[in-house]
1. In region 205-229, how many are closer than 16 Å to CYS159 by Cβ and assigned to a loop (DSSP other than H, G, I, E, B)?
2. Looking at THR115, THR97, can you tell me which residue is modelled with pLDDT under 60 and either of a type in the set (Asp, Glu) or exposed (fewer than 12 other Cβ atoms within 10 Å of the Cβ) (or both)?
3. Please determine, by comparing only the residues of region 67-89 that are free of Cβ contacts under 8 Å to residues at least 40 places away in the same chain and assigned to a loop (DSSP other than H, G, I, E, B), which one is surrounded by the most Cβ atoms within 10 Å (Cβ to Cβ).
4. Within region 178-215, can you find the residues that are among the hydroxyl-bearing types (Ser, Thr, Tyr) and touching a residue at least 12 places away in the same chain (Cβ under 8 Å)?
5. Enumerate the strands (runs of 3 or more DSSP E) found wholly within region 132-204, keeping only those where 1 or more residues are buried (at least 16 other Cβ atoms within 10 Å of the Cβ) and small (Gly, Ala, Ser).
6. Of the conditions (1) closer than 20 Å to GLU152 by Cβ; (2) in contact with a Pro (Cβ under 8 Å, 6 or more places away or on another chain); (3) of a type in the set (D, E, K, R), ASP195 fails just one. Which one is it?
7. Determine whether GLY51 is at pLDDT below 85 and of a type outside the set (S, T, N, Q).
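The values are calculated or read from the model by the stated rules, or taken from the named source; none is laboratory data. Since the structure is predicted, the reported quantities are computational estimates derived from the model, not experimental observations. So basically every Cβ, Gly included, is an ideal-geometry build from the backbone, and we count neighbours across all protein chains shown.
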Amino acid sequence: MDFNSTLQDFFSTPFELLRGYSAPMIGWGARLKEAMENAGLNMTDLSRRSGVPYDNLNKYLRGDVAQPRGDTLNKLATTLGVEVLWLRDGISKSAPTAENSAKDLPIYGYVKAGTEGFFMDNGEPQGYTERPDFLIGNRLAYAVRVRDKSMEPVFKHDCIVWVDPTRSTAPGDDVVIQLHDGQAFIKQHTRQTRDDLICFQHNPPQEVRYPIIEVAQVHLVVGSLRIRT
């Protein structure tokens, strides 16, 4: 299996299954459809990425379900890069203004206690940061805040890392690796075998292997912003 080719196909699949969908759309189902169109994802893509069953998505888009159960909204919002409150109620907690319109890139990740990884916050941004010009209009882009020295010297303590899930990765790229258990890591992608995604850890410097079966997705780090507090 070519893991990077699979990811590239996964993110670039055209929005096909909802084209021509003419049933009246109201409420949160309409916002779900809008977010899917903006993200360029069809129901198959969204189901695979979010873990929400395809049949359930079909019901949501038809307007058959007034409110999904459990953490479904969180999963969908995270995958689509929108706020849970907006998806559910059409309300944004952080509507851009003239003063903060550039600070609309959600920060989803936080460094965990330890020196290696972090966890993605379930659809609820911890805050918002500046969106660089090359990520304008990218609804799936997000940021990660680095809170310790485990990523140095490449990523300094208290820097913001910009991530673009829509771009493919290649050896030598810094990437965010998300595992199926919810844990994520910032590493440098070096190579890949049939069974493992092989990366380089910056601090302490060493090779790290992630079994392909445990990897949910790999996202490209496209830049960082140094913050001094």
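1. Qualifying residue count for the region: 3.
2. Going through THR115, THR97 in turn, just one is modelled with pLDDT under 60 and either of a type in the set (Asp, Glu) or exposed (fewer than 12 other Cβ atoms within 10 Å of the Cβ) (or both): THR97.
3. Filtering first and then ranking leaves PRO68.
4. Correct list: THR190, TYR210.
5. Because the criterion is at least 1 residues that are buried (at least 16 other Cβ atoms within 10 Å of the Cβ) and small (Gly, Ala, Ser), the strands (runs of 3 or more DSSP E) in region 132-204 that meet it are 142-145, 183-192.
6. All conditions pass for ASP195, except number (1).
7. no
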